[in-house]
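Single-structure report; data block below.
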Amino acid sequence: MTNILIFRTARAADLPAIRELVTTEFCHNEAPTKHLRNTKSGFAKLYDRFAAHLELETTIVAEEIQRLGGVDKQQKGKIVSCHVSIPLAANLDLDGITEQLPILRLLEEVSVPFGEVLKKRSIPESRVLHSLLGATRQEYHGKGLYQQVIGALTQEILKSSRWDMAVSECTSPTTRYIKKRKFGWTEENFIAYENFEQDGRKPFAGLDGGVALLWKDYRDMKGKV
Ligand SMILES: CC(C)(COP(=O)(O)OP(=O)(O)OC[C@H]1O[C@@H](n2cnc3c(N)ncnc32)[C@H](O)[C@@H]1OP(=O)(O)O)[C@@H](O)C(=O)NCCC(=O)NCCS
C-alpha cells in the first residue's frame, strides 16, 4: 500500500471535507479563534457566510491518496491541507454573527490601508482575490504542505485572467512567514492582538502575536506591467 499526495484545485464534492478541516483546525489551533473559545458550530456559521462565495478555481487542496490495490485498484482520498479563496468584492452577509465579532473588527482594522494600495496601483477591487484562510490537519503540521498549497494557488492565479492581485489577513505566524518569505508578498500592516481595542475593551488581552495584512501584485509575473 502506498500513499501519494496531490495538490489540485477544489471540486464541489470536496466542500464538506474542506469545511470540516477548517472549522476543526481554527477552533483548535488558530490563535484568535481559540482565544475567544469559539464553538465549532459558531465558527461553522461564520465559515458558511464566507464559503457562499468560495472560488473553486483558486481554492486548493492537498489530497492524500491511499492506493488500496486489488484488481479494481481502489483509491481512497483524504484532504489534509487546504486554502480557501473568495473574491474581495464578494457581497458578504455577516448579519447575526456575534461570536466572532472581535475577529471581524480586527480584520477590518488591519485592512484599512489596503484601499490606498489599490488606489496607488489603479487596481479595482473586482480584480483582487481574497486569500481568505487555510488549514492543515494537525497531524500533518510542519511537513511543508501549506507551502505547497500556496505554490499551487500561485500557479492558478497566474493562469487566470480574472485576478491582478491577492490580499490576505494572516492571523498565524506560519502563514505570514510563508507568504512573505517564500512567496514575496508585501506586508502592509500589522496589529498586535494585545493592542487591539473594541468598544473600550481588549478582547485579545494576553494573546501573543498579531494579524498581518499582506498583498501580492501578480501583474508583472503575468507580463501585464
Ligand atoms: C497555519 C497552517 C495552515 C500551516 O500549515 P503547515 O502545513 O503546517 O505549514 P508548512 O509545514 O507548510 O509551513 C512550515 C513553515 O513555517 C515555518 N513556521 C512554523 N511555525 C512558525 C512560526 N511560529 N513563525 C514563523 N514561521 C513558522 C516553518 O519553519 C516552515 O518554514 P521552513 O520550511 O522555512 O522551515 C497550520 O498550522 C494550521 O492549520 N493552523 C491552524 C489554522 C490557522 O491558523 N490557519 C491560518 C490562519 S491565517
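Is there a residue being polar (S, T, N, Q) and surrounded by fewer than 14 Cβ atoms within 10 Å (Cβ to Cβ) anywhere in the stretch 52-72? Give the derivation first.
First pass over the stretch 52-72, keeping only residues polar (S, T, N, Q): 58-59, 66.
Retained after the next criterion (residues that are surrounded by fewer than 14 Cβ atoms within 10 Å (Cβ to Cβ)): none.
No, that holds for no residue.
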Ile191, sole failed condition from (1) buried (at least 17 other Cβ atoms within 10 Å of the Cβ); (2) closer than 23 Å to Leu101 by Cα; (3) within 13 Å of the ligand (Cβ to nearest atom) = (3)
List every residue pair whose Cβ atoms lie under 6 Å apart, where the two residues are 6 or more positions apart in sequence or sit on different chains, the first residue falls within the stretch 1-13 and is over 13 Å from Ile79 (Cα atoms), and the second residue, located anywhere, is of a type outside the set (A, V, I, L, M, F, W, C).
-> Thr2/Arg67
Which numbered condition trips up Gln75, out of (1) part of a strand (DSSP E or B); (2) closer than 22 Å to Leu129 by Cα?
-> (2)
Report yes if Ser126 is more than 18 Å from the chain's Cα centre (by Cα), surrounded by fewer than 15 Cβ atoms within 10 Å (Cβ to Cβ), in a loop (DSSP other than H, G, I, E, B) and polar (S, T, N, Q), otherwise no.
-> no
Filter the stretch 127-153 for residues that are in contact (Cβ under 8 Å) with a residue 12 or more places away in the chain, out of contact with any strand residue (DSSP E or B) (no Cβ under 6 Å at 6 or more places or on another chain), under 26 Å from Gly209 (Cα atoms) and more than 6 Å from the ligand (Cβ to nearest atom) and give the result.
-> Gln138, Ile150, Gly151
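On the given criteria, is Thr98 hydroxyl-bearing (Ser, Thr, Tyr) and either under 15 Å from Ala135 (Cβ atoms) or touching a residue at least 40 places away in the same chain (Cβ under 8 Å) (or both)? Steps first, please.
Details: hydroxyl-bearing (Ser, Thr, Tyr): yes; either under 15 Å from Ala135 (Cβ atoms) or touching a residue at least 40 places away in the same chain (Cβ under 8 Å) (or both): no.
For Thr98, the condition - hydroxyl-bearing (Ser, Thr, Tyr) and either under 15 Å from Ala135 (Cβ atoms) or touching a residue at least 40 places away in the same chain (Cβ under 8 Å) (or both) - is not met.
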Give me the pairs: first residue in the stretch 175-203 and closer than 23 Å to Val84 by Cα, second residue loosely packed, with under 13 Cβ neighbours inside 10 Å, beta-carbon distance under 6 Å, and six or more apart or on different chains, which are they?
-> Glu188/Pro113; Asn189/Pro113
Across the stretch 63-93, what is the number of residues that are at pLDDT 95 or above and either under 20 Å from Cys170 (Cα atoms) or touching an Asp or Glu at 6+ places or on another chain (Cβ under 7 Å) (or both)?
-> 14
Residue that is among the β-branched types (Val, Ile, Thr), within 18 Å of the chain's Cα centre (by Cα) and more than 21 Å from Arg8 (Cα to Cα), where the choices are Thr24, Thr39, Thr59, Thr98 = Thr24
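Please note which strands (runs of 3 or more DSSP E) are completely contained in the stretch 136-225 and include at least 2 residues that are out of contact with any Leu (no Cβ under 7 Å at 6 or more places or on another chain). Spell out how you get there, then give the answer.
Details: elements: 165-170, 186-192, 210-217.
Output list reads 186-192, 210-217.
The values are calculated or read from the model by the stated rules, or taken from the named source; none is laboratory data. Model, not experiment: these values are computed from the prediction. Quick reminder, even Gly has a Cβ in these numbers, built from the backbone with ideal geometry, and neighbours come from all protein chains shown.
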